[in-house]
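See below for the structure under consideration.
The values are calculated or read from the model by the stated rules, or taken from the named source; none is laboratory data. Small disclaimer: the values here were computed from a predicted structure and weren't measured. Cβ placement follows ideal geometry from the backbone for every residue including glycine, while neighbour counts extend to all protein chains displayed.
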Amino acid sequence: MLTDSENLKALRQHHLFNRLPEALFTEVSCLAIQRKLDSGDALFHQGDAAERFYLLLSGQMKLTRVLFEGQEKLVEVIQPGQSFAEALLFTGASHYPVTCSALKASNLISIDGTHYRRLLEEQPKICLDLLASFSMRLHQRLDEIDTLTVGNASRRVVRFLCQEQREAGNGQIQLSVSKRLIASQLGIQPETFSRILHRLIDAGLIAMERRSIRVLDRPSLANYYE
């Protein structure tokens, strides 16, 4: 049961819960659990029973999936304020399709998935609002799929940089995770990712300092092919 007022406030403000009537929100919070993980700790593993979903309060989590050939693929990096694993409530999936572990020391809220779904079945208006939210996330996933289906590694990196710049709203991109993880997300080797970044720097298209990338010429970057 959640008792900390700040945690309850964070849960209440999240889009999955801010439209629940007070009595129903109280039910949810009574069954919610606070979890704390150290860096490297696993929250759940691919194939575990999918009984709960989560809201990240602080820290950073990664979702990875082991492919058929045994390669581990980064699926998503979860930042504070984001929820994850809630989509499984509506797909009927009984097991997590990914492994979730902490990139940094993290504080989470764990929510009973079966109970939350039952509440939604009694609140059709809230369900429609959630559909709109899930639709936006689906479009983001489609953009990521488009990036991964681009065969040329350079084009994948360029597309990634253009997407990140568009989301940042300016020419400055701040990488939230290591280049190794980004390379995994793009389906390329870390050495290839670094090599392409250096080529873009040499071409005068970007400037880079540690995890900060500044786009110097976006039109030329968007049309960069190699």
Can you name the residue in segment 46-81 that is among the charged types (D, E, K, R) and part of a strand (DSSP E or B) and, of all such residues, is farthest from K9 (Cα to Cα)?
-> E72
Scanning segment 197-212 residue by residue, those over 22 Å from V75 (Cα atoms) and either of a type in the set (V, I, T) or part of a loop (DSSP other than H, G, I, E, B) (or both) turn out to be I201, A203, G204, L205, I206, R210
Checked segment 66-109 for anything of a type in the set (D, E, K, R) and in contact with a Gly (Cβ under 9 Å, 6 or more places away or on another chain); matches are K73, E86, K104
In segment 1-46, which residues are of a type in the set (S, T, N, Q), surrounded by 14 or more Cβ atoms within 10 Å (Cβ to Cβ) and in contact with a helix residue (DSSP H, G or I) (Cβ under 8 Å, 6 or more places away or on another chain)?
-> S29, Q34
Subset of segment 65-93, residues under 12 Å from Q46 (Cβ atoms), of a type in the set (D, E, K, R) and touching a residue at least 60 places away in the same chain (Cβ under 8 Å), comes to E72, K73
Does segment 188-196 contain any residue that is surrounded by 13 or more Cβ atoms within 10 Å (Cβ to Cβ) and either among the acidic types (D, E) or part of a loop (DSSP other than H, G, I, E, B) (or both)?
-> yes
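Tell me which residues, restricted to segment 19-34, are farther than 19 Å from A85 by Cβ and part of a loop (DSSP other than H, G, I, E, B).
R19, P21
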Does P97 qualify as being under 27 Å from D38 (Cα atoms), assigned to a loop (DSSP other than H, G, I, E, B) and within 14 Å of the chain's Cα centre (by Cα)?
-> no
Tell me, which residue of segment 58-79 that is at pLDDT 90 or above and touching a helix residue (DSSP H, G or I) at 6+ places or on another chain (Cβ under 9 Å) is surrounded by the most Cβ atoms within 10 Å (Cβ to Cβ)?
-> K62
